[in-house]
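Participant: Right, I'll just put the structure down here and ask away after.
The values are calculated or read from the model by the stated rules, or taken from the named source; none is laboratory data. Just so you know, these numbers come straight off a predicted model, no measurement behind them. Please note: Cβ atoms are built from the backbone with ideal geometry, for glycine as well, and neighbour counts cover all protein chains shown. In case anyone asks, the SASA skips ligands and DNA or RNA and just uses the protein heavy atoms, side chains included. Shrake-Rupley method; radii C 1.70, N 1.55, O 1.52, S 1.80 Å.
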Amino acid sequence: MKLITSYTSPFGRKVRIVLAEKRIEYQLIEDNPWSAESSISTLNPLGKVPVLLLDDGRTLYDSRVIVDFLDHSSPVGKLIPHDHRQAINTKRREVLADGISDAAVLIRLEQIRPPHLQSTEWIALQQNKIEHGLEHIASELDEKKWWGGDLFSLADVALGCTLAYLDFRLPELDWQSRHPSLAKFYSKLEERPSFTETAPPII
Ligand SMILES: N[C@@H](CCC(=O)N[C@@H](CS)C(=O)NCC(=O)O)C(=O)O
């Protein structure tokens, strides 16, 4: 199977971590969706990475569909609980973490526009989503080992990718100093080989 993604996408990283945790072999094909040379829209009409190409010819997107597929295709390192109620809660958490990444990507895109076209209101709106999201997650995480309790899950993978992306693209937000419980959680995650192996490039 082939994964098409950029090395900086938090959504692509989520899929790469899931592949590593589940020990699934794949080939990574790099594609920068913002570049004129990108051919991603021939695979995903929305023109976004990540996309997974299966050996049987199927094309999967977006990251949430891909990780669901991967978790069901191998029993190794289950990341979505079997119990439906718990599975839905894990996916709800994934959506929340992904939504923060969405807001961070939108800020990043705004910040690279010519200064006279940038909207401070738009950036503030997205920053509010990030802060409300982080506050909510911190209240759910509290003193728990992992976001869902004792078991490591897809929710933790998604949150780790989001926190890393905030550090990578928006370090000025300094989320660690406002959310020490999230910082503690993140330092635990950083020790996992699946995270160290997929860290965004140093630029
Ligand atoms: N909900 C999607 C989000 C994917 C996404 O926003 N990818 C970004 C890169 S981080 C992208 O390819 N954007 C290109 C575009 O919006 O044109 C997922 O989970 O895969």
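Participant: Checking the condition among the charged types (D, E, K, R), under 20 Å from the mean Cα position of the chain (by Cα), in a helix (DSSP H, G or I) and modelled with pLDDT of 95 or more, which residue from E121, E131 passes? Before the answer, list the steps.
Facilitator: Numbers: E121 fails: under 20 Å from the mean Cα position of the chain (by Cα).
On inspection, the qualifying residue turns out to be E131.
Participant: Follow-up. Is it the case, given these coordinates, that Y7 is aromatic (F, W, Y) and within 11 Å of the ligand (Cβ to nearest atom)? If you could, list the steps in order and put the result at the bottom.
Facilitator: Values: aromatic (F, W, Y): yes; within 11 Å of the ligand (Cβ to nearest atom): yes.
It is true that Y7 is aromatic (F, W, Y) and within 11 Å of the ligand (Cβ to nearest atom).
Participant: Let me ask something else about it. How many residues does segment 80-112 contain that are hydrophobic (A, V, I, L, M, F, W, C) and over 28 Å from L170 (Cα atoms)?
Facilitator: Going residue by residue through segment 80-112, those that are hydrophobic (A, V, I, L, M, F, W, C) are 80, 87-88, 95-97, 100, 103-107, 109, 112.
Cutting the leftovers down to over 28 Å from L170 (Cα atoms) gives us 80, 87-88.
The number of residues fulfilling the criteria is 3.
Participant: Is it fair to say R23 is more than 15 Å from the ligand (Cβ to nearest atom), open to solvent by 80 Å² or more (accessible area, probe 1.4 Å) and on the phi > 0 side of the Ramachandran plot? Walk me through it before giving the result.
Facilitator: Values: more than 15 Å from the ligand (Cβ to nearest atom): yes; open to solvent by 80 Å² or more (accessible area, probe 1.4 Å): yes; on the phi > 0 side of the Ramachandran plot: yes.
Judged against the criteria, R23 is a match.
Participant: If I ask for residues that are in contact with a Phe, Trp or Tyr (Cβ under 9 Å, 6 or more places away or on another chain) and in contact (Cβ under 8 Å) with a residue 40 or more places away in the chain, which ones from segment 193-203 would you list?
Facilitator: Listed by number, the residues that qualify are T198, P200, P201.
Participant: Which one of R64, R93, R58 is basic (K, R), at pLDDT 95 or above, surrounded by 15 or more Cβ atoms within 10 Å (Cβ to Cβ) and assigned by TED's automatic domain parsing to the domain that holds S41?
Facilitator: Details: R93 fails: assigned by TED's automatic domain parsing to the domain that holds S41; R58 fails: surrounded by 15 or more Cβ atoms within 10 Å (Cβ to Cβ).
Criteria check complete, one pass: R64.
Participant: If you take the residues of segment 148-203 that are touching a Lys or Arg at 6+ places or on another chain (Cβ under 6 Å) and farther than 16 Å from L96 by Cβ, which of them is surrounded by the most Cβ atoms within 10 Å (Cβ to Cβ)?
Facilitator: So, considering only residues that are touching a Lys or Arg at 6+ places or on another chain (Cβ under 6 Å) and farther than 16 Å from L96 by Cβ, the one surrounded by the most Cβ atoms within 10 Å (Cβ to Cβ) is T198.
Participant: Would you mention how many residues in segment 152-190 are assigned to a loop (DSSP other than H, G, I, E, B), at pLDDT 95 or above and closer than 26 Å to N89 by Cβ? Can you show your working first?
Facilitator: At the first step, the residues of segment 152-190 found to be assigned to a loop (DSSP other than H, G, I, E, B) are 152-153, 170, 174, 179, 190.
Filter once more, keeping what is at pLDDT 95 or above: 152-153, 170, 174, 179.
Subsequent filtering for residues that are closer than 26 Å to N89 by Cβ retains 152-153, 179.
Counting residues in segment 152-190 that are assigned to a loop (DSSP other than H, G, I, E, B), at pLDDT 95 or above and closer than 26 Å to N89 by Cβ gives 3.
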